[in-house]
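Shown next, in structure tokens, is the structure this report addresses.
The values are calculated or read from the model by the stated rules, or taken from the named source; none is laboratory data. In this text, all values refer to a predicted model and were calculated from it rather than measured experimentally. Virtual Cβ from ideal backbone geometry, glycine too; neighbours counted across all protein chains shown. The area values use the complete protein model at the heavy-atom level, side chains included, leaving out ligands, DNA and RNA. Shrake-Rupley method; radii C 1.70, N 1.55, O 1.52, S 1.80 Å.
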Amino acid sequence: MFRTARFAFTMARRSITRRKFRSALTILGIIIGISAVVSLMTLGIGMRSQVESTLNEMLGAGIIINSGTYGIDIPEHVQSYISQVPGVNKSIPIVMSMVYISNKPYTVVGIDPVQASEVYQVTLEDGRGLRQGDDDAVVLDSTIASNLGVKVNDTVTFSTQAGGVGKTFKVIGIIRPMAGFGQFVSIGCFITLDAAQDFFNTHDRVSSILIRLDDPNQGEQVEAILKQMFPDASILSQEEIMSNINQVMSTIDGVLLGLASISLMVGALGIMNTIMMSVHERRREIGMLKAVGGERWHVLIIFLSEALLISLIGGVFGCIFGLGGVYLIQWFVKTLGLNIIVPLLISPQILALGLIAALAVGSIAGFYPSWKAANVRPVEALRYE
Amino acid sequence: MSNVVELRDVVKTYDLGDNIKVDALRGINLTIKRGEFVSIMGPSGCGKTTLLNIIGGLDSPTDGQVIIDGIDITHMSEGELARIRREKIGFIFQTFNLVPLLTALENVQIPMIFAGRFSNSEIKERAIELLRLVGLEHRLHHRPTQMSGGEQQRVAIARALANEPSIILADEPTGNVDRETGWKIIRLIKGLNETLGQTCIMVTHDPTIAQISERIIYMLDGQIIPEPPKLTINPSSSMLADERRQMLLAELKWLEASIKGLEVRKNRLNQESYAQVKLGYEKQLERLKKVVQEEYEKRRSK
Ligand SMILES: Nc1ncnc2c1ncn2[C@@H]1O[C@H](COP(=O)(O)OP(=O)(O)OP(=O)(O)O)[C@@H](O)[C@H]1O
Ligand SMILES: [Mg+2]
């Protein structure tokens with residue numbers, strides 16, 4: 001058995017090197033399929049981990065109440081009612097909205113500097129954090145700062161619309177970017193609540209109220225009470241957001257997987273075709289192998305080896321090119337100027353999965369033609385020239 | 001047990017579908033003793049290859065009984081037959097049938113790898129020894145495309161001997177090489193028969209080659225006939241007057257008989273196989289006529 005397998009691999013190796021062009025094309029098909037799998041999976045996993053850590057950082061709050069209109073129209077004093085709801089530990093009103101800085105949109109958060117640390121964990125890289133009364137100051141994350149080309153003590157101008165006239169803020173601190181998957185979602189621009197209300201001209205009104213719970217497991221009860229209190233507001237619990245996001249991520253995963261399987265399928269067809277041709281060309285040889293005492297499984301192994309060897313080579317190069325592909329996508333995203341950080345997590349599991357997928361494709365696609373070869377009737381195969 | 005081959009009333013009918021049947025063998029009774037060298041002769045399509053295939057366990061008879069080396073293989077399964085083939089049979093084909101991807105040495109190893117009877121090092125040693133036996137020790141690592149026809153056939157002979165078979169079955173082993181090389185191959189096989197006591201059954205169209213065997217079996221239209229049909233010497237060939245002439249004329253005669261037989265069976269055959277067989281006959285006839293002509297001219301020039 002082992003001896004036959006070794007012998008079969010010798011034959012497979014020579015068969016592949018003999019038909020160099022054909023083999024190369026087939027291997028290329030597998031390379032494309034596997035590198036698609038590896039790069040898309042790496043991307044998918046990277047995005048998922050990105051989203052999760054973003055949410056964790058963003059949602060120090062257990063529940064977020066947003067205005068039903070997504071404007072800045074929740075009366076700030078509502079917060080005092082909410083504080084009295086049993087199970088609520090703290091409620092923090094914030095203004096979260098969009099501003100244009102140098103004609104590019106950013107999400108700005110206006111928050112009481114004292115309370116900010118309760119919900120956002122930030123790490124200062126330079127300068128200092130916001131303090132009470134810092135109404136002309138802004139804290140940026142380093143990505144935004146470098147996009148805008150500003151340093152501590154420089155100024156930036158906010159406007160409510162592209163090209164509009166606005167208000168100037170002084171950069172007083174630069175923080176490490178919190179995880180974020182896009183400038184619309186990631187939060188990296190902070191001013192005080194007062195400054196925000198002043199800028200958006202929404203005195204005593206806020207866009208959201210972040211709520212911290214005494215016990216994270218009480219989320220549902222508290223949410224139910226809040227829903228009764230504010231039927232018009234949009235109330236999101238962290239769990240809900242997580243599950244929504246997870247749904248979106250699963251859809252993305254599905255699409256990526258679908259793309260990957262289509263390219264794998266093409267690779268599989270290539271292998272099937274190549275082995276089929278090999279079987280056809282070597283019919284006489286099969287007849288002879290049987291005449292000298294070969295059984296079905298001997299012949300099966302010989303042709304299956306060829307399929308497996310092709311897919312193994314394709315798999316190895318596919319993994320390499322797949323990782324290369326991730327770098328390529330990163331670079332591409334960067335040159336497009338999109339502020340999306342796609343983390344590259346090279347996980348051995350994905351590489352193993354790539355190889356296993358290659359071998360699985362090879363054996364499945366190679367099986368049918370190999371089975372055909374195994375069932376060639378020797379008398380007929382030897383009969384015709 | 002001194003009979004290596006025993007065939008009893010063996011019939012082989014190919015069913016071509018649409019109720020068309022070809023009777024390739026029509027009641028063959030044959031015994032071959034251990035150590036015998038037997039030639040089978042007969043016109044194209046008379047069933048020689050079919051007979052060898054059945055003796056070699058490559059094909060199963062429609063009816064009758066096949067006993068090889070004392071074992072009744074008539075109703076064996078595909079797997080059991082494969083085992084019989086690798087343990088008891090060595091095939092030699094007209095077209096050599098070596099694996100083009102493998103070297104001479106590797107080709108000789110194939111049956112031993114399948115059989116699993118020897119260890120790895122034994123397999124290699126044995127293959128080298130067999131190639132030395134057929135005089136190819138200087139070609140161990142050559143691929144078939146790098147060897148002459150005669151060398152390839154000698155590799156095939158070494159391969160046939162690999163598992164120490166009870167019977168060597170050679171189907172026109174000289175059909176694809178020139179006459180001189182053909183003779184070398186025949187002498188090699190004959191030598192194996194004489195020195196190793198190897199049982200050999202060989203199909204040949206060449207009466208002079210058949211002469212070196214102990215026994216010639218004549219076949220016609222799926223049956224064994226006791227001797228070549230009586231000759232009616234026609235004037236054009238009356239100049240040939242020796243044994244060779246007899247053989248040639250006998251074959252000519254069979255061919256003509258076979259063609260007549262084929263015309264009779266024409267309606268029972270499908271068009272394709274009829275055309276194919278007929279073409280075979282005609283080619284053979286042409287070749288024979290040429291040989292007779294050459295022979296004739298040789299005589300006359302003497
Ligand atoms: N697989 C098959 N299917 C159908 N008919 C077959 C098959 N094999 C052989 N035959 C028929 O059986 C008959 C005997 O064929 P066989 O090959 O045994 O002849 P042969 O004596 O070896 O001829 P040749 O000298 O040309 O090799 C022929 O009529 C042939 O057409
Ligand atoms: Mg034949």
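Quick notes on this structure:
- For chain A, the dipole from Cβ point charges (+1 on Lys and Arg, -1 on Asp and Glu) about the Cα centre works out to 3440 debye, to the nearest 20.
- Within straight-line cross-link reach of B:K298, lysines at Cα separation under 16 Å, skipping those fewer than 8 residues along the same chain: B:K289, B:K290
- Number of partner chain Cβ atoms within 10 Å, mean per residue of A:292-305: 5
- Per-residue SASA entry for A:R284, accessible area with 1.4 Å probe, Å² rounded to 10: 50 Å²
- GNM result for chain A, Cα springs below 10 Å: residue of A:V248, A:V51, A:V119 fluctuating most strongly: A:V248
- With a cut-off of 11 Å between beta carbons, the residues surrounding A:Q132 carry a summed charge of -3, where Lys and Arg count +1 and Asp and Glu -1.
- Using every pair of distinct Cα positions in chain B, the Kirkwood expression returns a hydrodynamic radius of 20.4 angstrom.
- Spin-label model distance (nm) - A:E281 vs B:R34, 7 Å beyond Cα toward Cβ: 4.5 nm
- Summarised as an ellipsoid, the range A:255-314 has semi-axes of 30, 11, 8 Å, derived from the eigenvalues of the Cα gyration tensor scaled by 5 and square-rooted, with the largest first.
- Evaluated over chain A, the count of Lys pairs having alpha-carbon atoms less than 22 Å apart is 9 (only pairs 8 or more residues apart or interchain).
- Inter-chain Cβ neighbour count for B:73-86, averaged per residue, equals 3 (cutoff 10 Å, partner chain atoms only).
- All Cα pairs of chain A, percent lying beyond 42 Å: 38 percent
- Euclidean distance of C-alpha centroids, the range A:203-277 and the range B:146-181, integer Å: 71 Å
- Using only side-chain charges placed at the Cβ, +1 for Lys and Arg and -1 for Asp and Glu, the dipole size of the range A:68-232 relative to its Cα centre rounds to 420 debye.
- DSSP H segments from chain A that extend 20 Å or more along their own axis, Cα-based, with Kyte-Doolittle mean of -0.5 or above: A:2-18, A:20-58, A:238-281, A:296-335, A:348-374
- Number of partner chain Cβ atoms within 10 Å, mean per residue of B:115-123: 1
- Dimensionless Rg over Rh [the protein assembly as shown; C-alpha; Kirkwood]: 1.32
- Förster-model FRET efficiency, 45 Å R0, B:L196 and B:A257, C-beta, rounded to 0.05: 0.75
- Legend: calculated FRET efficiency, A:K90 to A:Q221, from the Cβ-Cβ distance at R0 = 25 Å, rounded to 0.05, equals 0.90.
- Alpha carbon Rg of the range A:68-232, scaled by the compact-globule rule 2.2 N^0.38 Å: 1.07
- Mean separation of Cα contacts under 8 Å, 6 or more apart, over the residue count of the range A:68-232: relative contact order %: 35 percent
- For the range A:166-317, the equivalent ellipsoid derived from the alpha-carbon gyration tensor has semi-axes of 66, 22, 13 Å in decreasing order.
- Charging the Cβ of each Asp and Glu at -1 and of each Lys and Arg at +1, and nothing else, the dipole of the range B:128-184 about its Cα centre rounds to 160 debye.
- nm² value of the averaged projected area, convex hull over the Cα atoms of the range B:82-204: 6.8 nm²
- B:L101, A:L148, reordered so the largest accessible area comes first (probe 1.4 Å): A:L148, B:L101
- When only Cα pairs below 8 angstrom with a gap of at least 6 residues are kept, chain B shows a relative contact order of 24 percent.
- Spread of Cα-to-Cα distances over 10 Å intervals beginning at zero, given as percent, for the range A:269-384: 14, 31, 21, 15, 10, 6, 2
- Cα long-axis angle, helix B:104-115 against chain B (0 to 90 degrees, to the nearest 10): 80 degrees
- A:E220 accessible area, 1.4 Å probe, all protein chains in place, Å² to nearest 10: 140 Å²
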